[in-house]
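Have a look at the structure below before the remarks.
Any read-out appearing in this document is the output of simple, stated calculations on the displayed coordinates, not a laboratory observation. Everything quoted here is computed from the prediction, not taken from an experiment. Note that we place each Cβ from the backbone using ideal geometry, even for glycine, and neighbour counts take in every protein chain shown.
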Ligand code: ADP
Ligand code: 5GP
């Protein structure tokens, strides 16, 4: 069986990565999600092992020590997020495309590791104001984490041109068509 390849959706929090990823999983059963580990608390609808592996700080640090992460970053307020080598490898070795939903620094690192065997799509919100409104409407952040995420978003937007393609997520259907087209092209490359 041929080894799979890596698809990265990268963007500031609230740009629409999860929404676009969900559509990809519906359309392509050859794409599997890489479940990351994090030390942030779960949201009400999130399940351990499905959305994230929710770890204590000590458990996360232990995995850092034993080199279980392909990459990891501290995101805000000391909360850590990391891509587990085991998650990516088992899916790649089974011939799947593995989708990573990660922030910019982690995405730069993964792109360096996988090079042309990876596709990194930067999902850009139409503006910071729209991003803020979407995060407010999503209803997952308190005032403090909303402010931290927006502060970080301004910086993350300056990374856009480091990735393979920038897709502006204004109208969701149009953005998804662009994502889908890029993914199909990547899948058909040798
Ligand atoms: P991320 O995974 O990048 O943090 P989400 O996929 O959770 O972002 O999207 C943030 C919020 O914005 C969600 O409530 C989602 O339903 C909404 N959203 C995503 N894309 C659009 C869009 N094109 N137009 C309007 N709302 C959107
Ligand atoms: P959230 O708390 O909204 O789920 O995620 C916050 C940010 O962390 C998002 O930009 C998300 O893409 C990113 N993220 C999730 N998992 C990982 C990971 O394994 N590594 C890195 N570097 N970022 C991640």
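Observations on the model:
- Over 17 Å [Cα-Cα, the stretch 72-129], rounded percent: 48
- Modelled FRET efficiency - R0 25 Å, residue 74 with residue 166, Cβ distances, 0.05 increments: 0.50
- Highest-MSF residue in the chain out of 37, 11, 175 [GNM, Cα springs under 10 Å]: 175
- Here the stretch 71-175 carries DSSP beta bridges of which approximately 55% are antiparallel, counting only pairs with both residues inside.
- With a simple spin-label model that places each label point 7 Å from the Cα along the Cα-to-Cβ direction, the separation between residue 62 and residue 43 comes to 2.9 nm.
- Proportion of all alpha-carbon pairs of the stretch 131-190 beyond 15 Å (%): 65
- Separation between Cα centres of the stretch 113-190 and the stretch 25-61, rounded to whole Å: 19
- Shape of the stretch 33-169, Cα gyration tensor, a/c cut at 1.5: oblate
- Modelled spin-label separation between residue 187 and residue 129, with each label point placed 7 Å from Cα along the Cα-to-Cβ direction: 3.8 nm.
- Springs join every pair of Cα atoms under 10 Å in this Gaussian network model of the chain, and among 40, 138, 23 the largest mean-square fluctuation is at 138.
- Helix-only [θ]222 nm of the chain, DSSP H runs n ≥ 4, -39500 (n - 2.57) each, per residue, nearest 500: -13000 deg cm²/dmol
- Our summary gives the stretch 6-187 a relative contact order of 32 percent, counting only alpha carbon pairs under 8 angstrom and 6 or more residues apart.
- Alpha carbon convex hull of the stretch 1-89, projected area averaged over orientations, nm²: 6.8
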